[in-house]
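Trainee: Can you read through this structure? Questions will come right after.
The values are calculated or read from the model by the stated rules, or taken from the named source; none is laboratory data. These numbers were taken from a predicted model, which means no experiment stands behind them. Cβ: placed from backbone, ideal geometry, glycine included. Neighbour counts: every protein chain shown. These area figures cover heavy atoms from the full protein model, side chains too; ligands, DNA and RNA do not enter into them. Shrake-Rupley method; radii C 1.70, N 1.55, O 1.52, S 1.80 Å.
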Amino acid sequence: MTPRSDKGRKLLDWTVKAVSLCAALLGIFFLGWILFVVVERGIAAINWQFFTKMPTPPGMEGGGVANAILGTVFMTGIAALLGVPTGLLAGVYLAEFGKHSRLGAWVRFTVNVLMGIPSIILGLFVYSILVYPFGSFSGLAGGVSLAILMFPVVARTTEDMLSMVPNALREAALSIGNPRWLATLNIIFRAAKSGLITGVLLSVARVSGETAPLLFTALNSPYMMKSLNEPFANLTVTIYQYAMSPYDDWNQIAWGASLLIMIAVLLLNLAARLIVGGKKI
């Protein structure tokens, strides 16, 4: 086998670096372009009325998206209450108890499949079990669909973070007489705390911009929610409906709501990066 010349290796190295740099710059360019357009068109809609007023009827100027903001917060809260604990428990099982078992392999496979399933299919699934049988769209169904989306993200992040904790720490915790569950909760969880928090924040960011599952579960409403068993106003479906409308003021509100979601997602991702950067395992 003839060894490759130094010039050939250097040329290949330079080529790979140049292509990688161009790809990274291309991604940054499109991200900056998206941010610029959303900020430019959405900033005009951001005012006190935008956050405090209810939507106006078609053709009437003014109004806001107060009900959609609250509806989004409530459904995201429901999703976090359902998806985060179950995801943490699944991740703990995969990392600490079922790491090399056949059941653990099937659970890991299921989590990976859930991460790749399109969100609209999960929305149809929740529609078939919580909307169609009861004859009504609901905020609860919307929260459940978002929880299913959060579950695999939290589970995989939890498994990865706990697997990074050195085995010596586990052995030390068990050697002083701690049961396995107590060592995991008090020692291993504390060691991986920053990574676990990051996973939760990223899962919230993951579901905060979802529209497809909510079209089949929570739908939308021009009113303030009074019960979990009724259609829920939310920002993403409001953006979809307002952006498709022929009214200029609704189009402007859609841009403002898009800016609001974008800022929330950016802040969540920034918080996750700061947590990971501030403390590493």
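Trainee: Which value, in Å², gives the accessible area per residue of the chain when a 1.4 Å probe is used on the protein heavy atoms?
Mentor: Dividing the accessible area of the chain by its residue count gives 58 Å².
Trainee: Once you have a ≥ b ≥ c as the square roots of the Cα gyration tensor eigenvalues for segment 1-140, tell me rounded if a/c is under 1.5, and otherwise prolate or oblate according to whether a/b is larger than b/c. Walk me through the numbers on the way to the answer.
Mentor: Working: a/c = 3.15, a/b = 1.30, b/c = 2.41.
It is oblate, given that a/c is not under 1.5 and a/b is not larger than b/c.
Trainee: I've got another one for you. Once every Cα of segment 17-81 carries one equal point scatterer and solvent is ignored, give the base-10 log of I(q)/I(0) from the Debye formula at q = 0.14, 0.22, 0.25, 0.29 Å⁻¹, two decimals.
Mentor: -0.68, -0.93, -1.00, -1.08
Trainee: Based solely on its DSSP helices, what 222 nm [θ] is calculated for the chain when runs of n ≥ 4 H residues each add -39,500 (n - 2.57) and the sum is averaged over all residues, nearest 500 deg cm²/dmol?
Mentor: -22500 deg cm²/dmol
Trainee: Here's something else I'd like to know. Can you list residues from other chains, or at least 5 along the same chain, whose modelled amide H is less than 5 Å from the amide H of residue 245?
Mentor: Hits under the 5 Å cutoff: none.
Trainee: Dipole of the chain (Lys/Arg Cβ +1, Asp/Glu Cβ -1, origin at the Cα centre): which of 67, 255, 88 lies farthest to the positive side?
Mentor: Of the options given, the answer is 88.
Trainee: Output needed: percent of Cα pairs per 10 Å distance bin for segment 59-187, bins running from 0 to the one holding the longest distance.
Mentor: Using 10 Å bins, I get a P(r) of 12, 30, 28, 17, 9, 3, 1, 0 for segment 59-187.
Trainee: Additional query: Treating only the Cβ atoms of Lys and Arg (+1) and Asp and Glu (-1) as charged, compute the dipole magnitude of the chain about its Cα centre; round to the nearest 20 debye.
Mentor: Details: 20 positive and 12 negative charges, 255 e Å.
Using Cβ point charges on Lys, Arg, Asp and Glu, the chain gives about 1220 debye.
Trainee: Ranked by accessible surface with a 1.4 Å probe, highest first, in what order do 190, 156 come?
Mentor: Sorted descending by solvent-accessible area, the residues read 190, 156.
Trainee: Can you pull out the chymotrypsin sites (Phe, Trp or Tyr not before Pro) in segment 104-212 whose DSSP state is coil and whose Cβ has at most 15 other Cβ atoms within 10 Å?
Mentor: Counting only loop positions with at most 15 other Cβ atoms within 10 Å, the chymotrypsin sites (Phe, Trp or Tyr not before Pro) in segment 104-212 are 134.
Trainee: Where the convex hull is taken over the Cα atoms of segment 182-231, what is its projected area averaged over directions, in nm²? Each step should come with its number before you reach the end.
Mentor: On the way: hull surface 22.9 nm².
The Cα convex hull of segment 182-231, projected and averaged over all directions, gives 5.7 nm².
Trainee: Only Cα pairs under 8 Å and at least 6 apart count here; give the relative contact order of segment 1-149 as a rounded whole percent.
Mentor: 21 percent
Trainee: May I pose another question? Segment 207-271 to segment 34-89: how many Å between their Cα centroids?
Mentor: The distance from the Cα centre of segment 207-271 to that of segment 34-89 comes to 5 Å.
Trainee: In whole percent, what relative contact order does the chain give with Cα contacts below 8 Å and a gap of six or more residues?
Mentor: 26 percent
Trainee: Follow-up question, since we're still on this one. Report the residues of segment 213-240 in range of a label on residue 266: point 7 Å along Cα→C-beta, backbone N strictly under 19 Å from it.
Mentor: Under cut-off, by backbone N: 236.
Trainee: When ranked by the protection proxy of mean other Cβ atoms within 10 Å per residue, highest first, what sequence do the peptides 67-74, 252-259, 97-104 form? The partial results should precede the final answer.
Mentor: Details: 67-74: 21.2, 252-259: 22.8, 97-104: 12.2.
My ranking of the peptides, most packed first, is 252-259, 67-74, 97-104.
Trainee: If a helix is a whole DSSP H run, which ones in the chain reach 15 Å or further along their own axis (Cα) and hold a mean Kyte-Doolittle hydropathy of at least -0.5?
Mentor: Flagged H segments are 6-42, 66-92, 102-116, 139-163, 193-208, 248-278.
Trainee: Quick one: grab the alpha carbon gyration tensor of segment 221-281, order the square roots of its eigenvalues as a ≥ b ≥ c, and give me rounded if a/c is under 1.5, else prolate or oblate depending on whether a/b is larger than b/c.
Mentor: Numbers: a/c = 4.70, a/b = 1.80, b/c = 2.61.
It is oblate, given that a/c is not under 1.5 and a/b is not larger than b/c.
Trainee: When the accessible area of segment 35-188 is split by element with a 1.4 Å probe, what percent falls to carbon and sulfur?
Mentor: Numbers: 5810 of 8130 Å².
Reported share for carbon and sulfur atoms: 71 percent.
Trainee: Based on the mean of other beta carbon atoms within 10 Å per residue, what is the order of 22-28, 162-168, 148-154, most packed first? Display every interim value, and only then the final one.
Mentor: Details: 22-28: 10.0, 162-168: 14.0, 148-154: 23.6.
Result, highest mean Cβ count within 10 Å first: 148-154, 162-168, 22-28.
Trainee: Okay, next question. What percentage of all Cα-Cα pairs in segment 146-281 are separated by more than 19 Å?
Mentor: Details: 5816 of 9180 pairs.
Result: 63 percent of Cα pairs exceed 19 Å.
Trainee: Then there is this: Go through 199, 185, 150 and say which Cα lies farthest out towards the positive end of the charge dipole of segment 136-281; charges sit on Cβ, +1 for Lys and Arg, -1 for Asp and Glu.
Mentor: Of the listed residues, the answer is 185.
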